[in-house]
Amino acid sequence: MRAIRRFVRWTAALIAAGALLAAGVAIAVRLPYGDFGPEGVFVDIPKGASTLAIAGQLEQAGVVRSRWLVVLARMLRPRARMEAGEYRFARPDSPWGVFARMARGDVFYYELTVPEGDNLFDIAARLDQLSLIPAEEFLAAAGDASSIRDLDPAAPSLEGYLFPSTYRLTRHTTARQLCHMMTAQFRREWQLLPSRPGNPHDVVTLASLVEKETASADERPMVASVFRNRLRLGMTLDCDPTTIYAALLDKRYRGAIHRSDLANRNSYNTYQHAGLPPGPIANPGLASLRAALSPAASDFLYFVARPDGSGHRFSRTIQEHNLRVKEYRRGLKEKSEGASSPRVSRAAASGKGR
């Protein structure tokens, strides 16, 4: 009987010790740890790294107090695996929380959003703002069209083929990798379009002009028809955005179109050269690509913006167009005067300015 009582006491003691140990482990793996600066701490986990190696990296970076706490967290979730990638730790967290993040693969990335109509220079400026890839490095990579030549043998650069979308980038993403991501997205979207030609050069170039001329998806087929009609008749396209792009290429753009820009002989200036420019002037979205593939049926040759910004008015003859240009300028003047008159009225009513 004495031996049985001793056995019972030892068993109870072991159970209690086990319970205390389990409670201690549970508490230890859930205690927050870490003191990071405003930039946080980055830990880059290579593929194939063992649990102990990953835990060692986390301990060395000051993310956890001890690597063994990560190992214990891993033992509590034996089926979970920590994913490779770069992680950013910006606030104290427990080993359990750190392990859970890495099991989810919650890697750190930047988001680069490229709107429809952005050109190479716009994208380079966005990358500069993110402090990820130097503008010059991106422009050099995008200036190499070799990766798109199977689709467009005449492409002067990757302009037009860097599809507008949102891309996830890490601190290690290179300019060439980003260009590959964007052109790969273009290829996927291009394959979904109906009636696409084998060589998309002219379609993408025309779509880029349409994209820059109007923000309205509904208007784009009509704008594309104007350009198609002028091309058919051998007329110059007189597309203002092409003069801006020519100035950007020559590094002489001053924020507005000047007479010297319209007279410049750069091959992209469609005021000086008939036909399409040598290549796209921006990166068009799907609506503009569809419009270039299937322009509206029309005999319009001209268009001018409405002064209220609600779209464009289209004309068949130069006489009709000139009248609408006058109406546009008159409308802008009236709009400007109308905007200033309420301020004068309020000043007079308050007894000021007499």
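Coordinate-derived values only; no laboratory data. From a predicted model like this one, the values you see are computed outputs, not experimental measurements. Using ideal geometry, Cβ is built from the backbone for each residue, glycine included, and neighbour counts are taken over all protein chains shown.
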Inset, instruction - Could you work out the local net charge near W68, counting Lys and Arg as +1, Asp and Glu as -1, over the other residues with Cβ closer than 13 Å to its Cβ? - result: +2
Legend entry - Residue of G37, G97, G85 that the Gaussian network model of the chain assigns the largest fluctuation, springs spanning Cα pairs under 10 Å: G37
Legend entry - Under 11 Å, Cβ to Cβ, from N269 - net charge with Lys/Arg +1 and Asp/Glu -1: -3
Legend entry - Mean ellipticity per residue at 222 nm, deg cm²/dmol - from DSSP H runs of n ≥ 4 across the chain, formula -39500 (n - 2.57): -16000 deg cm²/dmol
Inset, instruction - Taking a cut-off of 30 Å between Cα atoms, list the lysines near K212, but don't count ones fewer than 8 places away on the same chain. - result: K251, K326, K333, K335
Legend entry - Base-10 log of normalised Debye intensity for the chain (one unit scatterer per alpha-carbon) at q = 0.13 Å⁻¹: -1.02
Inset, instruction - Calculate the radius of gyration of the Cα atoms of the range 140-181 to one decimal place, then report Dmax, the largest Cα-Cα distance, as a whole number, both in Å. - result: 10.8, 33
